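To keep things clear, I will list the structure first and then write my remarks on it.
Each value in this text was obtained by applying a stated rule to the coordinates, not by laboratory testing. If you're wondering where the values come from, they're calculated on a predicted model, not measured in any experiment. Heads up, the Cβs are rebuilt from the backbone with ideal geometry, glycines too, and the neighbour counts pull from every protein chain shown.
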Amino acid sequence: MCDESASQADLRALLVAMRDETPEGYYTAISWCGVIVQIIVAVSFFRPADRPPRFPSPLNAVRGLDVDAVYGLPDSDLEALTGDLWRRYADVILGGNFSYRDGAWRPFSEREIEEIVRCLAVEEGSSQS
């Protein structure tokens, strides 16, 4: 069983990492997915030019974490965002269920883990060039 306060701190650290450490050329946003009817983290290759990210990185002006308009999801500060995501998803996080498929939150499949490892290896390889 996971320690709730440590897991909530880990969630905040993850949000900070998405804000400050997303590789250049990528854009990270928390948004609503109408297909699975859940809040998701989306990564893409472009940031909307009409506005800066909701949470700009204090370390690098090019980076930041965006939060799309999702009903009830706070976008005023990182602490409020962490608290609300924790309120909504604590049971999911504590259960280690980070993949939504077949109508339920589940652990990552082997294929998903392989894809995550592959993406991380690509990033590590490009940062060493």
Problem - Rough spin-label spacing in nm, given labels placed 7 Å along Cα→Cβ, for S99 and W86 - result: 2.8
Handout entry: Long-range HN-HN contacts of L65 with modeled amide H, under 5 Å
Key = F55, S57
Completion exercise
So, relative contact order of the chain in percent, Cα under 8 Å, 6 or more apart, is 22
Handout entry: Long-range amide H partners of R106 with built H, under 5 Å
Key = F98, S99, Y100, R101
Exercise for the section: Provide the per-residue ³J(HN,Hα) series for segment 77-89, in order, calculated from phi with Karplus coefficients 6.51, -1.76, 1.60 and θ = phi - 60°, each as a whole number of Hz, with x at glycine and proline positions. Expected result: 7, 5, 5, 5, 4, 4, x, 5, 4, 5, 4, 6, 10
Completion exercise
GNM on the chain, Cα springs under 10 Å; top mean-square fluctuation among I40, I93, I116 goes to I116
Problem - Segment E115-V70, length gained on full extension (0.36 nm per residue, minus Cα span) - result: 13.4 nm
